[in-house]
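Working notes for the structure below.
The values are calculated or read from the model by the stated rules, or taken from the named source; none is laboratory data. Remember, predicted model here, so these are calculated numbers, not experimental data. Cβ placement follows ideal geometry from the backbone for every residue including glycine, while neighbour counts extend to all protein chains displayed.
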Amino acid sequence: MRKSDRRTGQEQSGAQLRLPLRELVREALFDTVIVSGLEYVGDVLEEERTALCGRRYQHDPQGEALLAGSVVSSLSLGGRRVKVERPRARSVAGRELSLPSWEAWSARDPLEQRAMEQMLVGVSTRRYARSLEALPSEVRVRGIAKSAVSERFVVGTTRRLTALMQRKLNGLQLIAVMIDVVHFADQVVLAAIGIDSGGKKHVLGLREGATENVASCKAVLADLIERGLPTDRTLLFVIDGAKALHRAVSDIFGERALIQRCRERKKRNVTDALPERMGASVRSAMTQAYATRDAQRATKLLENLARRLEADHPGAAASLREGLEETLTLARLDLPETLERVLSSTNLIENLFSRVRDLARRVKRWQGGTMILRWTAAGALEAERTQLPQNRRLSRTAEADRSLTRSRHPHRSPT
């Protein structure tokens, strides 16, 4: 064998030996850090108790604290609770005395947040324990059972839902509000998303109900107003074709509401009323009309399309004409093209709630409206926190704010 071949073989053999050795060193280091850390916890607590009570077997008649043995307690570590022996002290009068370090360590309980994070990235309660870093065998753990993780998730989502429904909105410089519906079996959740002048989106509110009716829609808007949504200036509302939602917005905001009907929903409604062979061409014609960004020209092109459809497909023609002017609201505001494209449909809110739907696929049985709202709030706020990529298109929303401020209501269609 040549010397170069022997050298290559030795290098490969050495590399193969180093791989398991590195893993062994990593595990040994991790175990050492965990065990040493828990020993440090015990040492610190014992030192603090000694400072209060004095050393063992050296009773001070003038002392104000006494040793009181120890009790098995637990602290959070790596997504679970680990058992530790907690030294106790009590006053001469018998009152339990707290140790400063224990108060600080036990006050921080990240388990709820950890359970939320694990669930939001797709880890089920059944597999939660497997997703955590293994601890040394001598460390006793608890809080990783399916029921314990589920309970923490319920607590965490309840907190998020409560915080969401109590958000103050008067500090947000909103230029647009999108309202859409998320379906869960036979129930729906009305969701409102706001877009501010900086292009950032905010989950404004949620409301669960059995149907999408005027009362539910007005209740959502009334809650937003109570929490600070302005009613004294023009706001753009992006909605689908729901008559109940249209009526609610019109009744509450009147002439101060600029209503933009979702163009994508309009295309879908029209093509659904046509034979499949015609769908692509009609959709393309509508897209070209909207792309002109000229309200008068777009209206003419869409009316011509409706006339061509009327004889053989009157349903599609009627669907196209219904609310046609409100699909062109943004074309009258002279907005930047990218901004108009984003605000002309409810795709932004639908993309945000795709995160909610991804989470909800793991739920086999919904146990009431509160559970639906908790999951919806968790998914929506997570999507809000990560701020979906579409927000890059909204960097020029200040121009939209100026356009809305100086605009007069371009159209009011009868409700």
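Taking the residues in segment 124-177 that are of a type in the set (D, E, K, R) and more than 30 Å from residue 72 (Cβ to Cβ) as candidates, determine which candidate is surrounded by the fewest Cβ atoms within 10 Å (Cβ to Cβ). Among those that are of a type in the set (D, E, K, R) and more than 30 Å from residue 72 (Cβ to Cβ), it is 168.
For (1) farther than 18 Å from residue 142 by Cβ; (2) free of Cβ contacts under 8 Å to residues at least 12 places away in the same chain; (3) surrounded by 16 or more Cβ atoms within 10 Å (Cβ to Cβ), each residue gets a yes or a no:
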site	(1), (2), (3)
76	no, no, yes
81	no, no, yes
84	no, no, yes
95	yes, yes, no
100	yes, no, no
104	yes, yes, no
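When each of 224, 206, 190 is tested for being on the phi < 0 side of the Ramachandran plot, in contact (Cβ under 8 Å) with a residue 60 or more places away in the chain and under 19 Å from the mean Cα position of the chain (by Cα), the lone residue that passes is 206. Restricted to helices (runs of 4 or more DSSP H) entirely inside segment 273-351, those with at least 3 residues that are hydroxyl-bearing (Ser, Thr, Tyr) are 276-291.
The sole residue among 378, 273, 360 that is under 30 Å from residue 113 (Cβ atoms) and either outside the structural domain of residue 189 (by TED's automatic domain parsing) or in contact with a Ser or Thr (Cβ under 6 Å, 6 or more places away or on another chain) (or both) is 378. Residue count for segment 334-369, restricted to those that are in contact (Cβ under 8 Å) with a residue 60 or more places away in the chain and touching a strand residue (DSSP E or B) at 6+ places or on another chain (Cβ under 9 Å): 14.
Report yes if residue 126 is closer than 19 Å to residue 359 by Cα, more than 21 Å from the chain's Cα centre (by Cα) and either outside any strand (DSSP E or B) or at pLDDT below 75 (or both), otherwise no. When the stated conditions are applied, residue 126 passes them.
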